[in-house]
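Undergrad: Mind having a look at this structure? Questions to follow.
The values are calculated or read from the model by the stated rules, or taken from the named source; none is laboratory data. Bear in mind the structure is a predicted one, so any value in this text is a computation, not a measurement. Cβ placement follows ideal geometry from the backbone for every residue including glycine, while neighbour counts extend to all protein chains displayed.
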Protein chains: 2
Amino acid sequence: MSEPAERLGADVGAGTTDRRLLRGAQTRQTIARYAADVASLEGLNGLSIGRLATDLGLSKSGVQTLFGTKERLQVAAVESARAAFLDAVVHPASSAPRGVARLRALTERWIAYVEAPLFPGGCFWTANLADFDSRPGKVRDALVGHHRDWLGAITGELQEAVHTGEIADLDVDLAAFQIDAVLTAANIALRLGDNDAADKARRVVDGFLTPAR
Amino acid sequence: MSEPAERLGADVGAGTTDRRLLRGAQTRQTIARYAADVASLEGLNGLSIGRLATDLGLSKSGVQTLFGTKERLQVAAVESARAAFLDAVVHPASSAPRGVARLRALTERWIAYVEAPLFPGGCFWTANLADFDSRPGKVRDALVGHHRDWLGAITGELQEAVHTGEIADLDVDLAAFQIDAVLTAANIALRLGDNDAADKARRVVDGFLTPAR
């Protein structure tokens, strides 16, 4: 199925179509990124097409045309949040050598992502996974898919570190579960004013990175 | 300030006042407990006086009289959730001897609380703390107060176990932070279908309870 913006431009000249398509895609991105910010604060359920249109000075019908349903808007917000997260956390860490160095880079980037913060409400997934864990559907699938990838990234670096003998053997799934859990807890603790939370998370991660004897 | 139910009954005979007061208090408790169930699924922001009245077959004006504002309704839901949590988790565990046994009882009761579950959306605080961490006010204070007490309970049993030499010395604050973090992560993982999550949490707790040599 073609995008609404594409269908909108179907009856005009090619140059105009290209520009309209581009403008539609850019507007869609801008709205989705803003929606991710709002959802980090108020949850994906707080999103409404009318509210976003008002906040961004756009027409409600225009936003409606770009997204269609609230669910598609929510999924677009999750995808936008994921792209921003990959740019802020995962891609920069990929320049570090695999194993311990990359795991440290991933956790440091993650801590910066919630301390800076990238989204005004802190971790986008912490704010929304707890809301959507009981609601099957495309929004939950998008949230869960990202969370699984993130856990997979941590597990992968731990496996690499064990495999190359960089760290002592350990249960990588359990360690990844714990690292993700303390990072998530640190996000909430930081937002509640516990300035020690990031260091607690670092100390837990360090605990898993003991060099093999 | 007197409760609305009390003020309502001020101009009638004493026997009638007592009955009305009792009935008002019972209705208020029933509504608050139902509100906690709804909030575990949809978040405290999903609560509305009109919706609760419809669901429970009460008049909107009656519910309005009992709670007044949405914020008071939200705080009442948190207090009701706290009372239910204390009854299900903390009070039963208090029959176990202090230290390791009570910490195990607390964590087992906690796992049962989310596996059963006590609230249809799983852990009430996981569902709501992430939403309210960015919103100062009475609702956040009520949520945070409970969470601090829960962390305090874990810390207290760890301290006791270290103090009596039951377990090796450790950083009790960091250990309590980790135990709380993995329980919270287990709640979400369980709701997303990871049946291994409760065992992961148990293994983490066990890791802290190594007997002192």
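Undergrad: Of the numbered conditions (1) at the interface with chain B (Cβ under 8 Å from one of its Cβ atoms); (2) in a helix (DSSP H, G or I), residue A:142 fails exactly one; give the number of that condition.
TA: Here residue A:142 meets the rest and fails (1).
Undergrad: Of the residues that sit in region B:201-213 and are more than 13 Å from residue B:108 (Cβ to Cβ) and within 11 Å of chain A (Cβ to nearest Cβ), which one is surrounded by the most Cβ atoms within 10 Å (Cβ to Cβ)?
TA: B:204
Undergrad: Exactly one of (1) within 21 Å of residue B:80 (Cβ to Cβ); (2) assigned to a loop (DSSP other than H, G, I, E, B) is unmet by residue B:213. Its number?
TA: (1)
Undergrad: Any residue in region A:157-168 that is within 11 Å of chain B (Cβ to nearest Cβ), in a helix (DSSP H, G or I) and either within 27 Å of residue B:192 (Cα to Cα) or touching a residue at least 24 places away in the same chain (Cβ under 8 Å) (or both)?
TA: Checked against the condition, which is being within 11 Å of chain B (Cβ to nearest Cβ), in a helix (DSSP H, G or I) and either within 27 Å of residue B:192 (Cα to Cα) or touching a residue at least 24 places away in the same chain (Cβ under 8 Å) (or both), region A:157-168 yields no hits at all.
Undergrad: Return the residues of region B:77-107 that are among the charged types (D, E, K, R), surrounded by fewer than 18 Cβ atoms within 10 Å (Cβ to Cβ) and more than 15 Å from the chain's Cα centre (by Cα); say none if nothing qualifies.
TA: Of everything in region B:77-107, those that are among the charged types (D, E, K, R), surrounded by fewer than 18 Cβ atoms within 10 Å (Cβ to Cβ) and more than 15 Å from the chain's Cα centre (by Cα) turn out to be B:98, B:104.
Undergrad: Identify all residues within region B:52-101 that are modelled with pLDDT of 95 or more and not in a helix (DSSP H, G or I); write none if there are none.
TA: B:94, B:95, B:96, B:97, B:98, B:99
Undergrad: Out of all the residues in region B:107-127, which are facing another protein chain (nearest Cβ under 8 Å) and assigned to a helix (DSSP H, G or I)?
TA: Of everything in region B:107-127, those that are facing another protein chain (nearest Cβ under 8 Å) and assigned to a helix (DSSP H, G or I) turn out to be B:126, B:127.
Undergrad: If you don't mind, another one. Can you name the number of the only condition in (1) part of a helix (DSSP H, G or I); (2) modelled with pLDDT under 95; (3) among the charged types (D, E, K, R) that residue B:194 fails?
TA: (1)
Undergrad: Then there is this: Across region A:177-200, which residue is nearest to residue A:154 (Cα to Cα) among those that are more than 7 Å from chain B (Cβ to nearest Cβ) and buried (at least 23 other Cβ atoms within 10 Å of the Cβ)?
TA: Only one residue fits best here, namely A:179.
Undergrad: Mind checking which residues of region A:37-73 are of a type outside the set (D, E, K, R) and within 14 Å of another protein chain (Cβ to nearest Cβ)?
TA: A:38, A:39, A:40, A:41, A:43, A:44, A:45, A:46, A:47, A:48
Undergrad: Is it fair to say residue A:146 is touching a Lys or Arg at 6+ places or on another chain (Cβ under 6 Å) and not aromatic (Phe, Trp, Tyr)?
TA: When the stated conditions are applied, residue A:146 passes them.
Undergrad: Residues of region B:134-163 being of a type outside the set (Lys, Arg) and at pLDDT below 95, which ones?
TA: B:134, B:136
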